[in-house]
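Engineer: Just dropping this structure here.
The values are calculated or read from the model by the stated rules, or taken from the named source; none is laboratory data. No experiment lies behind these values; they were computed from the predicted model shown. Neighbour counts run over all protein chains shown; Cβ positions are idealised from the backbone, glycine included.
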Amino acid sequence: MLGLLNKYEIEEVLANHYVGHLGCHADGVTYVVPVSYAYHDNCVYGHTEEGKKIWMMRKNPGVCFQVEDMQDMANWKSVIAWGKYEELTEPELRSQALVKLMDRRLPYVASRTARLSPDWPFSPGDLNKIKGIVYRITLEEKTGRFEKVEGPSFFL
């Protein structure tokens, strides 16, 4: 069965994952890249270094964000959302975002880019010691779809 996710199911997919795909567009170029994130109160929070996606989002803050929950090719959920990028430079907002990123559920083995500091999985005493760019994407529109097959899907 194919169908649409309801608002609650969309929120569940966004809240229960930590890797999504960020799509941005500037100067005639579209760029989609996987990012680790935290989701809270309709916002996606991220931490990164200076690079192509930051350069593009500074030029055009309108972005697309996608997350999937895939059990197999016949049982999956996918959420696509559109929103606005905002760099968090004000110390209190930046610290609040870093706390959300530190508190997210990550696997024990995580990439260097998902770890916010050398102290990971522990928080450094001073969050201002965490280098890099902290950002928020406020989601303005969300949609979700799913496919679910009852019984063993390998017989299809």
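Engineer: Considering only residues of region 124-156 that are under 22 Å from TYR37 (Cα atoms) and assigned to a loop (DSSP other than H, G, I, E, B), which is modelled with the lowest pLDDT?
Structural biologist: PRO124
Engineer: On to the next question. Of all residues in region 61-89, which are over 20 Å from GLY132 (Cα atoms) and polar (S, T, N, Q)?
Structural biologist: Scanning region 61-89 gives GLN66, GLN71, ASN75, SER78.
Engineer: Of all residues in region 79-108, how many are part of a loop (DSSP other than H, G, I, E, B) and either more than 16 Å from THR48 (Cβ to Cβ) or over 14 Å from the mean Cα position of the chain (by Cα) (or both)?
Structural biologist: Matching residues across region 79-108 total 6.
Engineer: Tell me which residues, restricted to region 44-65, are crowded, with 20+ Cβ neighbours inside 10 Å and in a strand (DSSP E or B).
Structural biologist: Selection gives VAL44, TYR45, GLY46, HIS47, VAL63, PHE65.
Engineer: Let me ask something else about it. Considering only region 7-30, how many residues are surrounded by fewer than 16 Cβ atoms within 10 Å (Cβ to Cβ) and part of a strand (DSSP E or B)?
Structural biologist: Result for region 7-30: 4.
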